[in-house]
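Read the figures in this text as sums done on the coordinates, not as results from a lab. All of these numbers come straight from a predicted model, not from anything done at the bench. For neighbour counting, all protein chains shown are included, and Cβ atoms are generated from backbone atoms with ideal geometry for every residue, glycine included.
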4 protein chains.
Amino acid sequence: MAGSGIGTLFRIQTFGESHGPAIGVIVDGCPAGLKLSESDIQYYLNRRKPGNSSISTPRKEADAVEILSGVFEGKTTGCPIAMMIRNTAQHSADYSQIAECYRPGHADFTFDEKYGFRDYRGGGRSSGRETAARVAAGAIAAKILEELGITVTAYTKSIGPISINEENYDETQITKNPCAMPDAEAAKLAESYLKECMEEKDSSGGVIECRITGMIPGIGEPVFDKLDADLAKAIMSIGGVKAVEIGDGVAVSKMKGSENNDAFCADTADTDAGHQSGYAVIYNELSAYLPENAVIRKTTNHSGGTLGGISDGSPVILRAHIKPTPSIFREQDTVTRNGDPMKLTIKGRHDPVIVPRAVVVVECMCALTVLDLLMINTTSQLSNLKRIYQNR
Amino acid sequence: MAGSGIGTLFRIQTFGESHGPAIGVIVDGCPAGLKLSESDIQYYLNRRKPGNSSISTPRKEADAVEILSGVFEGKTTGCPIAMMIRNTAQHSADYSQIAECYRPGHADFTFDEKYGFRDYRGGGRSSGRETAARVAAGAIAAKILEELGITVTAYTKSIGPISINEENYDETQITKNPCAMPDAEAAKLAESYLKECMEEKDSSGGVIECRITGMIPGIGEPVFDKLDADLAKAIMSIGGVKAVEIGDGVAVSKMKGSENNDAFCADTADTDAGHQSGYAVIYNELSAYLPENAVIRKTTNHSGGTLGGISDGSPVILRAHIKPTPSIFREQDTVTRNGDPMKLTIKGRHDPVIVPRAVVVVECMCALTVLDLLMINTTSQLSNLKRIYQNR
Amino acid sequence: MAGSGIGTLFRIQTFGESHGPAIGVIVDGCPAGLKLSESDIQYYLNRRKPGNSSISTPRKEADAVEILSGVFEGKTTGCPIAMMIRNTAQHSADYSQIAECYRPGHADFTFDEKYGFRDYRGGGRSSGRETAARVAAGAIAAKILEELGITVTAYTKSIGPISINEENYDETQITKNPCAMPDAEAAKLAESYLKECMEEKDSSGGVIECRITGMIPGIGEPVFDKLDADLAKAIMSIGGVKAVEIGDGVAVSKMKGSENNDAFCADTADTDAGHQSGYAVIYNELSAYLPENAVIRKTTNHSGGTLGGISDGSPVILRAHIKPTPSIFREQDTVTRNGDPMKLTIKGRHDPVIVPRAVVVVECMCALTVLDLLMINTTSQLSNLKRIYQNR
Amino acid sequence: MAGSGIGTLFRIQTFGESHGPAIGVIVDGCPAGLKLSESDIQYYLNRRKPGNSSISTPRKEADAVEILSGVFEGKTTGCPIAMMIRNTAQHSADYSQIAECYRPGHADFTFDEKYGFRDYRGGGRSSGRETAARVAAGAIAAKILEELGITVTAYTKSIGPISINEENYDETQITKNPCAMPDAEAAKLAESYLKECMEEKDSSGGVIECRITGMIPGIGEPVFDKLDADLAKAIMSIGGVKAVEIGDGVAVSKMKGSENNDAFCADTADTDAGHQSGYAVIYNELSAYLPENAVIRKTTNHSGGTLGGISDGSPVILRAHIKPTPSIFREQDTVTRNGDPMKLTIKGRHDPVIVPRAVVVVECMCALTVLDLLMINTTSQLSNLKRIYQNR
């Protein structure tokens, strides 16, 4: 195992160290017939690429993806899609110092404990660079979801003490500011805050929110493979995430049932009132029980789009809380691997905040999770098998 | 799939509906040679049993477990351990009303969407009763962890607005009050609060905290199967959990790196300063690098016992935020499955809060997760394979 | 693991020892909406039940199955279906002798090596009784396949030196003679042969053939999860099977390409010439390439219904070669577990041949394998996802 | 899925088409601390490389492997090992003819049925070239097994009517003749036979035998993941294999129990009488039951090294029956994908027999299977967990 794979029907397997020859991923189980080219992938990779602004690491990586298999005449063939990104900008010398000691907040110590030694260059396998492989795979998942009308959108909700103002929410802003915030004003404040952090040789945490709209009800399996459980794992597996919330999240523990329950109603309309209201439209025309054109909705969305671990058709909403970058440039106490105390001053190139570059990673992990469960759900009713196989 | 299994080497598979003939679980991969009897399991089951206090459902279940396989002459054989609990106290008539409508906050609607119809009696598969099977399996995992010196302890941290006072922390209290709080005083306040909720025909949310001590460093796989990621899935898969935090959790998003990083130090002492300090002792005498008797420690434990998704030897600390019981006795708006609006007043037997009975469920899900990753970690170094197979 | 589960989307997990309280199985991932009752299962179980004839063990088991979950109002709900069979006719005393020694041809020695000790009563987990759980699960798989027009039929092809005559092939005979042969004449000869074996305190091997008709082309995944690879595992996992052949099987190693290749032709007919000719009808009306009503066929079926590990629409044909029952009543050389040589004379109740009772086990393992791969194949094309999810 | 991965703890995932940019594999779960370089892999790849003799395809591939991750300072790190082989000698033009028609004995038709279209160049994913990725991964597995004293050796047993003479068996011959036979004389006869086949524009089948010596008893899981079941799947998943035998294989169906049972004896010797006798030495010094230096052996090895699906310490012996190369140069009947009948004469470069080049593939699939089950077995006893974790 070594845990480098995730997913069942749409399964990905990643590889690569920060300063090895290459990183990459194999996507196994991608349905045949999807139009796909390297530029579809590159667009997503560029969103997480370092070196884009004053508040990210000056490390410059081309991060150019090469598709090695699984695409023929511009379409996916159903066979494994391997993608590789050569590492081109290693400054391994920067890391020679940390070969012998344990950086606070990093996985140096735990890798030594687990494996007996470690590839210390740039954090090796535990580097954030590993997420590029997730993004390459997630770009494909997101493209398939788009074909089915499902959209996954993540953005920075807060950096340190600076939060977006929900009333300023403007999705088009997300890719326009270095903080990936859907609120241009908050983004400016956050940028100032990060510069302060950098001057203090310090770093900041933050929150990413993700909303998945156009959801089909019925996605997610009861008991262990709940939609929210699989999303929690997918998000918590991103380095630096320390908490995951679904819907009202931590707030529910102080709520009463009468506040938290979402009432159901029926309607004939089919508009999604969208971001602010959290009002859900549920497409269940298939239901044998309902009259034509009727839809059942929730009037609120405290649950964040799932009930009993299964999508209810309203937007899925989740938040990831991300710790401050552990690589800070002020002197820190630590020990060598022989146990000798020492003062460590980290060198190298490091973002003062992980959050903006992790936005697309969150988006991709959500896309991978939803698509896999959606594919699994395809066989939940015998009638679906008959629809596929009996009309051949 | 249907997602009723979890784990790789220590794998469990559960079954059963609230009002069907029985619920149960198969544990596959339990190591041979563990002393085990039904009373080991029953002790854990009794901790989640309904009908124990004024603040839990009056439903009385014997919840008597029967071991059907995998134990011989008082020891596990290495073969699958099947356990079954007969359902004996069904009041199915109570649920006839909800056969035709969708209860707010429940999975009635999503099960109909996913499967085309549902076993509506007592919530069927989506009932909290399902967790008894998790507890039966988790009891075995916890027993094996105990043999290896690892202890998993969960408790109620808050109910609605009532939180425990860390200074009153007393582990022996957990099983002594109906709120499962390690603080007798807070428990009394919480009990009063819950009685208020019940009078208002309402319910309350709350928080469960779990700490895993005696942890061996090196548990958890890099990238997707991180210890914290697998814990997040395990916990979020429990019905009603809407957020999971590891270590400082949601607080990290407002912290700076200099506050959040845990420094390393070395020492020769080997005492675990325990609950209040969060000070960790790491047992790594195996390390080739360290002089005899030296241990490397973290001086704080903001990370909650993991670095890079791998246990660092300090206590693993996590919190689950649980929503208020959705079954409340006041009138609620909903629709029938034909889309007709209606007023619903829920009958039946329901706890005003899920939290105290879920404490042992959280404990068991943590035990299952840690044991599975610990077993997987056994083969992470070639030298371990040699230790097992070459000295035969 | 312990390897007691098989399948991905239609996954089964079995438990139980020969002389423990019960054996059983959980089926996870059964599509919702299948009509199912205990009698559907019992019919299959009765076909493998001991005590049916002069050539099977006189052990009498009721083998009455109880469905514990997953069926409501006569239909599968999509949730796990647990089934249990109580063990009722244990004569454990018969086995006390073998607690201390290793029976030739049995797993006593290997269980001791693997687990350090073993449940020796009746072979414990390694008893053929374990297959009853496979049959209970396979009965469900076979029923779903029938709904899709796929039929799985197994029968005894030979017992010792006695083979069926293909010209006498009569499917209706399979359930009418104790040898499960589709040739009444051969069955009589085989019965005589077995009686001879019994008189000599000996036992016999044999061959089971299975043919799967109505196959949909496209089932099976390239590379590792080939249809024939998964069938080989499923069949070889049945105790006593020592070889598996697909299509022309072992004969291909002596053939030339010109003899072994199956030519393709096109036709408008849609009759399956059936058993003798091996002539295949392929239902591929979906193909964009073909004119209406045209079908592409193979003119022969040396390949046994697969090409590149994927079903080609012609009947899948396989054979399992089964060793003679290892429990024979003549004196055998062996050792105690302390290494002392001894003469062993086995007591108890044992079939002189495994084959006839294993016929339904082969059938069920094939049904489980085909259904699982068929369900996985549902998502092989993007257009299938659109058919299921876009017309909701 | 798409079924491009195999294994649980030592898991591989392959990718690549015959004429795409590259083929390759990720090995996830390789234990840390194994010395490994590209030359270890290359040695195995060279054994399956085309263009080595007059009886193999004249296609010349460098087949140079590049390790992309998971190795640092000459040792495996425990993180995924990705390996890539660039395709360099594509003659895609040779295949333009077959874009529109279905070659007999190939997977062209079934890929079209499964995926709606296919990468027809050189057979795409269904090409034998895919096996190079298996060999790259298997080379690592074999190296680990060597460290534990386990050796996997495969060779050609027969080609068409020409079989090796067991009395001439000489392992050193296997790599010295183009037929990979351990009998120089038979190899010459087989070479002549193949030249005849080529002159007749025809091809030949054959048999590969594999023996695994130094086996540790206890490997393999009861019920579904039996050692022989997993080997059967691994071998049957190699393109062209139509039958798999373990031990006496197909012969058992005509044997009696008294002939097929292997008696046990005890001894203090520890020599492996090896190839001819099939006499097994079992290393079980750990056993609590046995006096020091005693070993329990089987006096014969009809079972082929497994009992109840678990290794018994004697050599594991299996045979794969491989069909003749379907690409033959004589005219064949087939249809276009529109159903029009046509005469096909295949061009391109094709081996007249698959067998000799598949020998190393069989060896590698066996190594992968045994290592994975050996790693899983590590946790079969609680005492093993204690040995690893309590002496830290």
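What the table below lists for this structure:
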| read-out | value |
| --- | --- |
| Choice from B:Asp112, B:Asp312, B:Asp351 with maximal GNM fluctuation in chain B (Cα, 10 Å cutoff) | B:Asp112 |
| On Cα atoms only, tilt of B:355-377 relative to the major axis of chain B in degrees | 40 |
| Spacing of the two label points (7 Å from each Cα toward its C-beta) at C:Asp170 and D:Ala184, in nm | 6.1 |
| Prolate/oblate/rounded label for region D:180-236 (Cα gyration tensor, a/c 1.5) | oblate |
| Alpha-carbon centroid distance for the pair region B:169-192 / region D:157-229, whole angstrom | 71 |
| Residue among D:Gly214, D:Val370, D:Ala64 farthest towards the positive dipole end of chain D, charges placed on Cβ | D:Ala64 |
| Shortest-first distances to equivalent copies, position A:Lys347, nm, label 7 Å out along Cβ | 6.0, 7.7, 8.2 |
| Entries in A:Lys226/C:Lys233; A:Lys242/B:Lys188; B:Lys75/C:Lys233; C:Lys188/D:Lys254 that, when Cα-Cα distance is taken, lie over 21 Å | A:Lys226/C:Lys233; A:Lys242/B:Lys188; B:Lys75/C:Lys233 |
| Expected-Rg normalisation [2.2 N^0.38 Å, Cα atoms] applied to chain A | 1.04 |
| Pseudo-label separations to other copies for D:Lys188 - Cα-to-Cβ vector, 7 Å, nm | 5.6, 9.1, 10.1 |
| Computed [θ] at 222 nm, helices only, for the protein assembly as shown once each DSSP H run of length n ≥ 4 contributes -39500 (n - 2.57) | -7500 deg cm²/dmol |
| Per-pair calculated FRET efficiency, R0 = 45 Å: D:Lys343 and A:Gln390 via Cβ, rounded to 0.05 | 0.80 |
| Förster radius 51 Å - calculated FRET efficiency between B:Thr151 and D:Glu73 (Cβ-Cβ, nearest 0.05) | 0.85 |
| Stokes-Einstein diffusion coefficient of the protein assembly as shown, Kirkwood radius over Cα pairs, 37 °C, 0.692 mPa s, in µm²/s | 99 |
| Dipole of chain C [Lys/Arg +1, Asp/Glu -1 at C-beta], most positive-end residue of C:Leu385, C:Thr300, C:Ser4 | C:Ser4 |
| Efficiency of FRET from Cβ geometry, B:Ser383 and C:Glu196, R₀ 45 Å, rounded to 0.05 | 0.20 |
| Chain A Cβ-axis minimum, rotational copy D, residue and distance in Å | A:Gln13, 2 |
| Crossing angle, helix D:131-147 versus chain D [Cα axis fit, 0-90 degrees, rounded to tens] | 20 |
| Helix A:38-48 vs. chain A, principal-axis angle (Cα, 0 to 90°, nearest 10) | 60 |
| Dimensionless Rg over Rh [region B:78-225; C-alpha; Kirkwood] | 1.03 |
| Relative exposure of C:Leu68, D:Leu34, judged by other C-beta atoms within 10 Å (fewest first) | D:Leu34, C:Leu68 |
| For A:Glu147, label point 7 Å along C-beta direction: distances to other copies, nm | 2.7, 4.3, 5.0 |
| Stokes-Einstein translational diffusion, region C:289-382 - Kirkwood Rh over all Cα pairs, 1.002 mPa s, 20 °C, in µm²/s | 116 |
| Distance from region D:77-149 to region B:4-64 (C-alpha centre basis), Å | 47 |
| A:Thr88 versus B:Ser96: modelled label distance in nm, points set 7 Å from Cα along the beta carbon direction | 7.3 |
